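Scroll down for the structure; my scribbles are underneath it.
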Amino acid sequence: MTSSAPALGNVLAVESGGDSGFQAPGLGEFYPEPIANFSLLGVDFEITRITLILWIATLAIATFLYLASRNAKIVPSKLQFFGESGYSLIRDGVARDVVGPRGLPFAPFLAALFFFILANNLMAIIPFAQISPMSKFAFPLVLAAICWVLYIYIGIREQGAAKYFKDILFLPGVPKPMYILVTPIEILQNFVVRPFTLAVRLFANMFAGHMLLVVFSLGAVYLLQTGNYSVVFGPISALMAIVMTFFELLVIFLQAYVFTVLMGTYLNGSIEAEH
């Protein structure tokens, strides 16, 4: 499979009757050939198709939010309604209910995080893109690192460095001899496991969704072109590709929301001392 071509191109490129048989999708889709190369301050950069999709998604969601918030009216337009509904979902459902009474100042950040992930996830089912940048581990990892730095900073700012790290390293109410076991676990959980699982959860779901869609799409084309009795199963594979697209749409929204909710819970723990 040509790594620089989109999934649709891979589907159309399947051989109809060659001896090679069905060509299963591989990892090449996630490592496309660079479109452009350049150096900046002695550092080499590459722009790939996935990078371009990320830029398009970011520009699209920024444009949507700008148009939705421009000339806001008491009786909202359809665009304003959708923008306000998305923001209200995060403000009320995450910033207020998850972070807590002091969470409203974080609503803009949480909403931006939600919309950014959502826009990039949606590229997984957009024709001619058909892959989410979040299905490449580097992008969710950068988002998780930003969240990691933020909730640690907020914890130090709100509780003070000494109290914040003391509550993490030495949980209140735990017998002192147990700290030998508990403290290393807490260090791993708060400083390693949290950001890692935050990134892996988003990456794994988008990666698996993309692979499933490509497998069923490639399988449908291959079965329909092979001939003999295999042609009977082609429509079934095509139907599964359609069904999985709608399922992927659900996953797209769910993963953006889950990532935001988890960040809200981490902020809650940073603002309020552990008990």
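The values are calculated or read from the model by the stated rules, or taken from the named source; none is laboratory data. Predicted model, so just to flag it, every value in this text is computed and none were measured. Glycine also receives a Cβ, built like all others from the backbone with ideal geometry; neighbour counts cover every protein chain displayed. SASA here: full protein model, heavy atoms, side chains in, ligands and nucleic acids out. Shrake-Rupley method; radii C 1.70, N 1.55, O 1.52, S 1.80 Å.
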Residue-averaged 222 nm ellipticity for the chain, from DSSP H runs of 4+ at -39500 (n - 2.57), nearest 500: -21000 deg cm²/dmol
Reciprocal mean inverse distance between Cα atoms of the range 122-268 - Kirkwood radius, Å: 18.2
Among 237-243, 151-157, the order from most to least packed when residues are scored by Cβ within 10 Å on average: 151-157, 237-243
Alpha carbon convex hull of the chain, projected area averaged over orientations, nm²: 20.8
Residue 272 versus residue 200: modelled label distance in nm, points set 7 Å from Cα along the beta carbon direction: 2.8
At least 18 Å along the helix axis (C-alpha) and Kyte average at least 1.0, DSSP helices within the chain: 49-69, 107-122, 138-159, 194-226, 234-271
Per residue accessible area in Å² of the range 205-269, where ligands, DNA and RNA are left out and the probe is 1.4 Å: 47
Gain in span if fully extended, residue 58 to residue 183, counting 0.36 nm per residue against the direct Cα distance: 41.0 nm
Distance in nm between pseudo-label sites at residue 230 and residue 27 (7 Å out along the Cβ direction from Cα): 2.7
Protein accessible area in the chain, 1.4 Å probe - carbon and sulfur %: 72
Inter-label distance, nm, simple model (7 Å from Cα along the C-beta direction), residue 142/residue 81: 3.6
For the range 171-245, the Rg and Dmax computed from alpha carbons only, in angstrom: 23.7, 72
Accessible solvent surface per residue of the range 59-201, calculated while the other protein chains remain in place, 1.4 angstrom probe, Å²: 56
